[in-house]
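Presented below is the structure to which this report refers.
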Amino acid sequence: MATQIPTYQLTSFPRHEPATLFYMARLERLVEEMKGIDKTHSHGFYLVMWISRGSGTHTIDFKTYTVAPNQLYFLTPGQVHSWELSADTRGYNLFFEANFFKSRFGNRLHQYPFFHSHQHLPLLETGSQSTLFSDLFPYAYEEYDRQQPNRTEVFLSFVHILLESANRLYEEQQISQDAHLYDRIRQYEDLLEQQFLTVREVSQYAEQMHLTPNYLNAICRKILGKTASQLWQERLLIEAQRLLTHTASSVKEIAFQLGFDDPSYFVRFFRKHTGDTPARFREQLGIDR
């Protein structure tokens, strides 16, 4: 039977310091100390994972990526992920709260495309730049671990350098877009994350952003090639898949949780976007209800 997805906070981890908005650990040590950390879970903070060695798979919101050396993974609060890693896998996990980064760099966090959790690849192959990250992560970890004066400020600088370096490389591999439009997309994604169950009209999101619905749609089309309504539907679909996979709720109960007045409308919505009914989706995963 499926169980509720655990949601980890920074306080969930060994040796976390009270009131500290960041945390870093060697990946192999984290796996050893946090039994079950490789199983399906979500978290309330931003995550950057560096793979320096090893193999396996990393599943993020139902998309599975092949793990290989010199990869970076980026996750935003609320995403669900799990992994299966070989015993020789090495790397680092770096966690931080949004306010830790925003305290100095404001909305820059919203402009990184790899943190557009549902619309861009959360994976960066570092390739020719792998030496840079192979150096930066151990230096950042040393700063985290040594408890030196002004540690918070210095560690924040390392996080900034890591993200900016990753962003340069990411943009070389992607089509660059206007930063202020990314900011708007991320603002819309933030509102969706908070309100997608209760606010179902694009016009209501546009009003909160002080935009017209047509302009919000134009931004979404330019940056992502999708309408604002499609982004809302995709977020709702991800939640439906999470509930079908990780809870014991019936299809009818899930339909009501997602705001559908009639379960048959939910079944039609799910089949339209996936090609399967919710029941068939569960059957394919080997989940018996």
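The values are calculated or read from the model by the stated rules, or taken from the named source; none is laboratory data. Just so you know, these numbers come straight off a predicted model, no measurement behind them. Positions of Cβ are backbone-derived with ideal geometry, glycine not excepted, and every protein chain shown enters the neighbour counts. To get the accessible areas, we keep the full protein, side chains included, count just its heavy atoms, and leave off ligands, DNA and RNA. Shrake-Rupley method; radii C 1.70, N 1.55, O 1.52, S 1.80 Å.
Structure values in brief
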quantity: Computed E for Glu142/Thr245 - FRET, C-beta separation, R0 41 angstrom, nearest 0.05; calculated: 0.55
quantity: Cα long-axis angle, helix 228-246 against the chain (0 to 90 degrees, to the nearest 10); calculated: 80
quantity: Difference of contour (0.36 nm per residue) and Cα-Cα distance, Ser157 to Ser128; calculated: 8.1 nm
quantity: Segment 1-68: C-alpha gyration tensor shape, a/c 1.5 cut-off, then a/b vs b/c; calculated: oblate
quantity: Pair Gln204, Lys252: separation of 7 Å Cα→Cβ label points (nm); calculated: 2.6
quantity: Principal-axis tilt of helix 151-173 within the chain, Cα atoms, nearest 10 degrees; calculated: 60
quantity: Accessible carbon and sulfur surface of segment 176-235 relative to its total accessible area, %, 1.4 Å; calculated: 47
quantity: Accessible area per residue in Å² at 1.4 Å probe, computed on segment 185-229; calculated: 51
quantity: Nearest-20 debye value, segment 1-66 charge dipole, Cβ charges on Lys, Arg, Asp, Glu; calculated: 100
quantity: Rounded D (µm²/s) - the chain, Kirkwood Rh over Cα pairs, Stokes-Einstein at 25 °C, 0.890 mPa s; calculated: 120
quantity: Mean separation of Cα contacts under 8 Å (6+ apart) over length of the chain, as relative contact order %; calculated: 16
quantity: Mean Cβ neighbour count within 10 Å, used as a protection proxy, ranking 238-247, 12-21, 135-144 highest first; calculated: 238-247, 135-144, 12-21
quantity: Pairs of alpha carbons in segment 99-231 whose separation is greater than 21 Å (percent); calculated: 51
quantity: Computed P(r) (all Cα pairs; segment 1-155; 5 Å bins; percent); calculated: 2, 8, 18, 23, 23, 17, 8, 2, 0, 0
quantity: As computed over segment 189-266, the Cα convex hull volume per residue (Å³); calculated: 94
